[in-house]
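Encoded as structure tokens, the structure appears first; notes follow it.
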Amino acid sequence: MKKMDLPIADASQEGRKSYIESNRYAVELVIAEALELFQKEDVISKVFRSQDKAIEKIIEMFLSPHFSLNSLPYKDIKLFSQLNFWVKYKTRGSFTVSSSNRVESNSMKEQAKPESDSASYYKEITQILPEFNRRVAADVIKYWFKANKKLLNELSPLASTGMSTNIIEVENKVRDSQNSRYKVDAAFRYLFLYFGIDKRIETAGHYERKYLTKGENKPQYVSTIRETHQDKHHVRLSIRNIIDQFFEIHQKSDNSDIISHSLLKVIGRKAVLDVYEIKSNKADKKFIQEYGDKLTSLKKRPPFIKEVTHEIG
């Protein structure tokens, strides 16, 4: 193929989208050629399912809001030929490939070393917090930290020093039972933004208007927009669709989504339905059972993660 650099001038998500729109054919060709030269076909099969899926997934990862070019040596089209990096990025390092498959000696594995996996994951999880803070009350942010305290402490840059992430107490004190309720609620709202649910379902606006529009910093921590009975009905339908999306994301998870799985575990309980006042009655009994089961399934590791971990290690 004719040599071309095609530098990635704008590393922002919008800039990366524009880059793909302008250079998609060239990018796909670079990935396809790299796949032809890649010796570990079984790895490609396990990680991406097929070569066509690999091309699609690599571009999708490049366009992800969590993707960063900061620590990478290539900031041009050569980035897409670095299959070692994309395999490692997709699987959070769960797959290792022999040195014979390195494209160049200064591979991504070596060049990206300065930032540890934990620091990278921590950045990925927390970079959405400014947007979250803009859309929810201050206490909700604090409840989110409480809900994910264990994970954050493990990944925090302070972890190696033996220090814990400091948790600021919420302004409005509540009973322990309510404390658990608000932690689940905060985690649910965060995950809506983290997974970009607004782009996945048409009913997202109903949920956003109530739960992701900043109101007063006091329970129930919702917007001050007046609701009708019909509005409440639409919100509940939206919540149902959001749970469907979380369930689908979880079921399709693989090793690249271990952090996402850790975040989803927090809402893996039937109590979410109570948090959002979805009450059980005769008419809704089947619905409550179905969505309660979907929520509790979020606590379990998806089957594909177990399969890959067992076979590849």
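The values are calculated or read from the model by the stated rules, or taken from the named source; none is laboratory data. Just so you know, these numbers come straight off a predicted model, no measurement behind them. Cβ coordinates were reconstructed from backbone atoms using ideal geometry, including for glycine residues, and neighbour counts include every protein chain displayed.
When you check Ser120 against the structure, is it hydroxyl-bearing (Ser, Thr, Tyr), under 17 Å from the mean Cα position of the chain (by Cα) and at pLDDT below 90, yes or no? Yes, satisfied.
Pick out the one residue from Lys3, Lys78, Lys17 that is outside the structural domain of Ile258 (by TED's automatic domain parsing), at pLDDT 85 or above and exposed (fewer than 14 other Cβ atoms within 10 Å of the Cβ).
Numbers: Lys3 fails: at pLDDT 85 or above; Lys78 fails: exposed (fewer than 14 other Cβ atoms within 10 Å of the Cβ).
None of the other options fit; the residue is Lys17.
Regarding Tyr25, is this residue surrounded by fewer than 18 Cβ atoms within 10 Å (Cβ to Cβ) and of a type in the set (Phe, Trp, Tyr)? Spell out how you get there, then give the answer.
Working: surrounded by fewer than 18 Cβ atoms within 10 Å (Cβ to Cβ): yes; of a type in the set (Phe, Trp, Tyr): yes.
Yes: the conditions hold for Tyr25.
The C-beta contact set for the stretch 266-286 (first residue exposed (fewer than 11 other Cβ atoms within 10 Å of the Cβ), second residue modelled with pLDDT under 90 and not polar (S, T, N, Q), distance under 9 angstrom, 6+ apart or interchain) comprises Lys279/Ile288; Asn281/Ile288.
Counting only residues that are among the acidic types (Asp, Glu) and modelled with pLDDT under 90, which one in the stretch 170-196 is surrounded by the most Cβ atoms within 10 Å (Cβ to Cβ)?
First pass over the stretch 170-196, keeping only residues among the acidic types (Asp, Glu): 171, 176, 185.
Checking which are modelled with pLDDT under 90 leaves us with 171, 176.
Details: Glu171: 11, Asp176: 7.
Per the stated criteria, the residue is Glu171.
In summary, Val47 fulfils each of the numbered conditions (1) within 26 Å of Glu124 (Cα to Cα); (2) surrounded by fewer than 13 Cβ atoms within 10 Å (Cβ to Cβ) with the single exception of condition (2). Scanning the stretch 133-155 for residues that are surrounded by 22 or more Cβ atoms within 10 Å (Cβ to Cβ), more than 22 Å from His261 (Cβ to Cβ) and in contact with a Ser or Thr (Cβ under 9 Å, 6 or more places away or on another chain) yields one hit, Val136.
When Ser223, Ser238 are checked against the criterion of being part of a loop (DSSP other than H, G, I, E, B), outside the structural domain of Lys90 (by TED's automatic domain parsing) and hydroxyl-bearing (Ser, Thr, Tyr), Ser223 stands alone in meeting it.
Residues in the stretch 212-257 that are closer than 30 Å to Tyr121 by Cα and hydrophobic (A, V, I, L, M, F, W, C): Leu212, Val222, Ile239, Ile242, Ile243, Phe246, Phe247, Ile249.
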